[in-house]
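**Q** What follows is a single structure, and I will ask about it in a moment.
Please treat every number below as a calculation from the coordinates, not as lab data. Everything numeric in this text was worked out from a predicted model, so none of it was measured. Every residue, glycine as well, gets a Cβ built from its backbone with ideal geometry; the counts of neighbours run over all protein chains shown.
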Amino acid sequence: MSRVTRQQQASLAALPAPRHLDLATLLIRGLVALDRDDLAEGNLSLELGLTLWMSRSGAGVHQVRSTLRALRSALLHASDLDEASEPVPLMAGDDRTAVLHLAIYLHGLLQRSARSRGSTPAQIAEDALAVLPD
């Protein structure tokens, strides 16, 4: 289970805040870093992560939503999964809820994609970033 200590928080706070980093890179690498416990109901890791990645990239919720959908397509392209048989995530409800559910779905897709290629989620994430259109 990943827990951030006060010392780690202080170390992270001391880092200079990068501005306008690439949203897709922040999202997919951030999702790779999360584990299943981070996605559990009541755990704020994903919500805080999304907020941080939005802040660092200067993106709004609609841009996050469209970038997560683009990452889905890139992951399917970079993996051996059949796009026709991969479920399409339901994007219902308010934007916040839709983005959270899409991010959780994408975390699972990272795992499935990595298994399909006999790879790691980190490697499949990099492969997906490489095929993501600019």
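**Q** If you stretched the chain out fully between residue 69 and residue 43, how much longer would it get, using 0.36 nm times the residue separation minus the C-alpha to C-alpha distance? Intermediate values should be presented prior to the final figure.
**A** Details: separation 26, 0.36 × 26 = 9.36 nm, distance 2.34 nm.
Extending this stretch completely gives an extra 7.0 nm.
**Q** Now, a different point. Each residue of region 107-121 in turn: what ³J(HN,Hα) in whole Hz from Karplus with 6.51, -1.76, 1.60 and θ = phi - 60°, glycine and Pro shown as x?
**A** 4, x, 5, 4, 5, 5, 5, 5, 4, 5, 9, x, 10, 9, x
**Q** With Kirkwood's inverse mean 1/r over C-alpha pairs for Rh, give me the Rg to Rh ratio of region 21-131, two decimals please.
**A** 0.93
**Q** So, one more: Show me the ranking of peptides 33-46, 56-69, 83-96 by mean Cβ neighbours inside 10 Å, starting with the highest.
**A** Numbers: 33-46: 13.1, 56-69: 16.6, 83-96: 10.9.
With the highest mean Cβ count within 10 Å placed first, the list reads 56-69, 33-46, 83-96.
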